[in-house]
Amino acid sequence: MKTTGLYIHVPFCVRKCSYCSFYSIERDEVLLTRFRYMLLAEMERKAAGVNIGTVYAGGGTPTILSPEFWSEFLTTLDRVADISDVLELTIETNPGAVLPDTLAEFRKAGFNRLSIGIQSFAYSELKTLGRIHNPDQAILTFNQARDTGFQNIGIDLMYGIPNQTPDDWQSNLKKAIELSPEHISCYELSIENGTPIADLVDNGELSKPPEEHCREMYFLADEFLKEAGYIHYEVSNYASGDENISRHNSSYWNRTPYIGLGPSAHSFDGKRTRSWNVCEIDGYLNLIENDRSPVEETEYLDSKEIALEMLMLGLRWKAGVDIEEVKVSTGFRINEQYLDSMIGSGKVQVSGSLIMPTTKGMLFADGDAANLIEDLP
Ligand code: SF4
């Protein structure tokens, strides 16, 4: 039986980064106090009796909540849900937002994996991104996490930052490798409307590196990190061994059910039903305080949407997608001609009914998934 992932969105940060389009607000003590109670209440309601497989505290900056709170959260989870199968409990943090003593307390509270939002080791790039930390703090936080007993640490890096060259990116990758994290995520900066960085780009004060440089940086990461022994297992993710592939994130890619807690968090039943919570903290708190559900909307995927999702997710990670499984579960077939063109252009390899993307193919997953579906007669 499939277990269920538990994601907790903590919508507070020390300060908003210039590129951030996630729902998060600056730390507010009054809201934080209310949020602690309501998060526990939502968890007790949604996770009761559920067999939980992974726990992921993200955000936002979840280490803004104290280790004592997280200890209480995990103890309550143990009381209301079945957590005997949980192997991975991740908490995200950001350099400059956590103290070394506190890191040890998060470990004691039960988290066995730490994900650190380093983003860059270059002072000017961190400044452009509006991050609160400098490169020394990034390295310090990583080393302190190691010293306090975290044996599974992931770091996030970003490429495609204004003024960043492929050489700059290469030097970030080298510094990341020197730290020997178990997991590295490399995301391309996306300029989202309504963010301060988007205004600077619109005004011509900043510009993203050219598309060909961003493409070069994607392939540089693949080359460099593979050479250092990492497995490129998903378009943006690398692990130092199979045992360090993020179990929680894998559950999104193989359509395992998950429960989302907190403002804007999504839940999925592993079949065709997806729902999401209201985005704003006030609305979220008011609904739960009044004993009402924080779910804003529920969508039911039809067979074509499920087929598309299976292909899109499968073409983003090295495990690939089983086209027989797509056919049996949705009735949709694959356009053989288009598949041949993907093989011809080196985007995928095929073994039996399994289509597995190459490094190049992972980049085109979304468009290729739509073209691969043969419309029903
Ligand atoms: S720390 Fe992360 S969630 Fe918080 S503002 Fe920055 S990018 Fe957004």
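Just so you know, all these numbers are worked out from the coordinates, no wet-lab data involved. It should be emphasised that the depicted structure is a prediction, and the values quoted were computed from it without experimental measurement. Note that we place each Cβ from the backbone using ideal geometry, even for glycine, and neighbour counts take in every protein chain shown.
Taking the convex hull of the alpha carbon atoms in the range 171-292, what volume per residue do you get, in Å³?
Per residue, the Cα convex hull of the range 171-292 comes to 170 Å³.
Using Cα pairs under 8 angstrom and six or more residues apart, how large is the relative contact order of the chain, in percent?
Relative contact order here is 15 percent.
For residue 261, enumerate residues with amide H under 5 Å from its amide H, sequence gap 5+ or separate chain, H modeled in the peptide plane.
The list, which skips near neighbours in sequence, is 7, 8, 9.
For the range 4-252, what is the percent of antiparallel DSSP beta bridges, rounded to the nearest 5?
20
For the range 279-288, just list the computed ³J(HN,Hα) in residue order, Karplus coefficients 6.51, -1.76 and 1.60, θ = phi - 60°, integers in Hz, with x standing in for Gly and Pro.
7, 6, 4, 4, x, 4, 5, 4, 4, 5
Step through the residues of the range 200-215 one at a time and calculate ³J(HN,Hα) from phi using the Karplus curve (6.51 cos²θ - 1.76 cosθ + 1.60, θ = phi - 60°), rounding each to whole Hz and writing x for Gly and Pro.
5, 5, 4, 6, x, 6, 9, 8, 5, x, x, 3, 5, 6, 5, 4
Suppose every K and R has +1 on its Cβ and every D and E has -1 on its Cβ; what is the size of the dipole of the chain about the Cα centre, in Debye to the nearest 20?
Here the chain has a charge dipole of around 540 debye.
If we count other beta carbons within 10 Å of each Cβ, what is the order of 276, 317, fewest first?
So the residues, fewest neighbours to most, are 276, 317.
Is it possible to state the helix-based mean residue ellipticity at 222 nm for the chain, with each DSSP H run of 4+ residues giving -39500 (n - 2.57), the sum divided by total residues, to the nearest 500 deg cm²/dmol? What is it?
-12500 deg cm²/dmol
Could you work out the Kirkwood radius for the range 223-296, taking every pair of different alpha carbons, averaging 1/r and inverting it, reported in Å?
Hydrodynamic radius (Kirkwood, Cα only) of the range 223-296 equals 14.6 Å.
Which order results if 20, 186, 279 are arranged by neighbouring Cβ count within 10 Å, fewest first?
Starting with the residue having the fewest Cβ neighbours, the order is 279, 20, 186.
Can you give the Kirkwood hydrodynamic radius of the range 298-358 from its Cα pairs, in Å with one decimal?
Over the range 298-358, the inverse of the mean reciprocal pair distance is 11.9 Å.
Compute, for the range 186-264, the length of the dipole vector about the Cα centre, with Cβ point charges of +1 (Lys, Arg) and -1 (Asp, Glu) only. Units Debye, rounded to 20.
420
Can you pick out the pairs among 16/174; 108/226; 16/208; 2/318; 46/327 whose Cα atoms lie more than 24 Å from each other?
Too far apart for the 24 Å limit: 16/174; 108/226; 46/327.
Along the charge dipole of the range 303-374, Cβ charges K/R +1 and D/E -1, which of 362, 342, 372 sits furthest on the positive end?
Of the candidates, 362 comes out farthest on the positive side.
Over all distinct alpha-carbon pairs, what is the Kirkwood Rh of the range 4-252 in angstrom?
Taking the inverse mean of 1/r over all distinct Cα pairs, the range 4-252 comes out at 18.8 Å.
At what distance in angstrom do the alpha carbon centres of the range 294-314 and the range 346-369 lie from each other?
Each part reduced to its Cα centre gives a spacing of 20 Å.
Just checking the chain: which Cys have no other cysteine's beta-carbon under 4.7 Å?
Those would be 13, 186, 214, 279, since no other cysteine Cβ in the chain comes under 4.7 Å of theirs.
Under 17 Å from a point placed 7 Å out from the Cα of residue 374 along the Cα-to-Cβ direction: which residues of the range 319-349 have their backbone N that close?
Within reach of a label on residue 374: 322-343.
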